[in-house]
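Chemist: Here's a structure for you.
The values are calculated or read from the model by the stated rules, or taken from the named source; none is laboratory data. What you see is a predicted model, and the numbers here were worked out from it, not measured in a lab. Here the Cβ is made from the backbone with ideal geometry for all residues, glycine too, and neighbour counts use every protein chain on show.
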Amino acid sequence: MKLSGTTPGRLYVVATPIGNLEDVTLRALRTLKEVDVIAAEDTRQTRKLLAHYGISTSLTSYHSHNAMEKAPVLAHKMKEGLSVALVSDAGTPGISDPGAVLVSLCAAEGITVVPIPGPSAVITALPASGLPCDRFVFEGFLPVRAGERKKRIEAIKQEEKTLVFYEAPHRLLKVLKEMHEVLGDRKVALCRELTKLHEEITTETLSAMSARLEGKTVKGEITLVVAGATSGGTGLLDTEKDEKALLAALKKKIKSGMDKKEAIREVARETGASRNAVYDAALQLKS
């Protein structure tokens, strides 16, 4: 007998780990055990999770190539009284995957949708980036074609909220350079292989990151967090045009005990402004 079983005829949108299999909720595990069928974006990936926790629920494939045909089939099953759990290959379904098609159809058909919250690469990366995360915009994957991609980056140039992207390893360096060209030298956090063995979180300027990755091979799942635009539309490096802000930051550092040279270096690192811009501001300081 089920202790608190799932309700027939419902869609359960279940978040699953993005890497570490321990990052799954008790509610998610119970739901995956109790539903009649699990609609999985990648059945091979989902089987690993189910096997790890001893879950034997039936799986069916639901991905970007069959979503339009499979969604009505699953909706029909729910109308007949079956309960369905929707899972992506990792993280929360519906975010940069075909889950939205099924959820939208269920909403239109009056089928109850129950969210089972949990891991998301977006929400995992944001607080670890060191960039403001009280207001942000998720852009998902940028277009594959260079012209369309540059046009999309141009369209969000004035966005003041922090920007979050998913990106493929083989396009990473190209995208970073294009962002630098269009957005200016903003701060960016590279969040790679989150929650996995080779997790890496690095925050620096777009130019510095591009230079560091030149000629290197990058692997794994990547989430990019990029500083939003400020009043001048050039991200954190607006401080290069705002000597008052740099001057205030320098005074604060020197007041804390740093000498002028060390303060210049630290302010440049923290704001993303060039050493020359900070040095010019420092010339206004009295001896």
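Chemist: Can you find, within the range 65-95, the residue that is surrounded by the fewest Cβ atoms within 10 Å (Cβ to Cβ) among those that are in contact with a helix residue (DSSP H, G or I) (Cβ under 9 Å, 6 or more places away or on another chain), closer than 26 Å to GLY140 by Cβ and not hydrophobic (A, V, I, L, M, F, W, C)?
Modeler: PRO72
Chemist: Please go through the range 260-287 and give me each residue that is modelled with pLDDT of 80 or more, among the aliphatic types (A, V, I, L, M) and more than 28 Å from the chain's Cα centre (by Cα), ordered by number.
Modeler: ALA263, ILE264, VAL278, ALA281, ALA282, LEU283
Chemist: Has the range 132-147 got any residue that is in contact (Cβ under 8 Å) with a residue 60 or more places away in the chain, part of a loop (DSSP other than H, G, I, E, B) and not assigned by TED's automatic domain parsing to the domain that holds THR223?
Modeler: Scanning the range 132-147, I find no residue that is in contact (Cβ under 8 Å) with a residue 60 or more places away in the chain, part of a loop (DSSP other than H, G, I, E, B) and not assigned by TED's automatic domain parsing to the domain that holds THR223, so the answer is no.
Chemist: Can you spot a residue in the range 159-167 that is free of Cβ contacts under 8 Å to residues at least 40 places away in the same chain, buried (at least 17 other Cβ atoms within 10 Å of the Cβ) and among the hydroxyl-bearing types (Ser, Thr, Tyr)?
Modeler: No, there is no match, as no residue in the range 159-167 is free of Cβ contacts under 8 Å to residues at least 40 places away in the same chain, buried (at least 17 other Cβ atoms within 10 Å of the Cβ) and among the hydroxyl-bearing types (Ser, Thr, Tyr).
Chemist: Something else about it: For the range 149-162, indicate whether the set of residues that are touching a Pro at 6+ places or on another chain (Cβ under 7 Å), part of a helix (DSSP H, G or I) and at pLDDT 95 or above is non-empty.
Modeler: Yes; the residues of the range 149-162 include at least one that is touching a Pro at 6+ places or on another chain (Cβ under 7 Å), part of a helix (DSSP H, G or I) and at pLDDT 95 or above.
Chemist: Identify the residue in the range 1-38 that is more than 23 Å from the chain's Cα centre (by Cα) and small (Gly, Ala, Ser) and, among all such residues, is modelled with the lowest pLDDT.
Modeler: Looking at the filtered set, the residue picked out is SER4.
Chemist: Going by the conditions given, is VAL122 touching a residue at least 40 places away in the same chain (Cβ under 8 Å), in a helix (DSSP H, G or I) and either out of contact with any Pro (no Cβ under 7 Å at 6 or more places or on another chain) or surrounded by fewer than 18 Cβ atoms within 10 Å (Cβ to Cβ) (or both)?
Modeler: Yes.
Chemist: Cβ-Cβ distance below 7 Å, separation of 6 or more or different chains: which pairs start in the range 200-225 with a residue that is among the small types (Gly, Ala, Ser) and end on one that is part of a strand (DSSP E or B) and surrounded by 16 or more Cβ atoms within 10 Å (Cβ to Cβ)?
Modeler: Close Cβ pairs (under 7 Å, with a partner that is part of a strand (DSSP E or B) and surrounded by 16 or more Cβ atoms within 10 Å (Cβ to Cβ)) amount to GLY220/ARG192.
Chemist: Which one of the conditions (1) farther than 20 Å from SER120 by Cβ; (2) surrounded by 15 or more Cβ atoms within 10 Å (Cβ to Cβ) does CYS191 fail to meet, given that it meets all the rest?
Modeler: The number of the failed condition is (1).
Chemist: If you don't mind, there's one more thing I want to ask. Does GLY9 count as among the small types (Gly, Ala, Ser) and closer than 19 Å to VAL103 by Cα?
Modeler: Yes.
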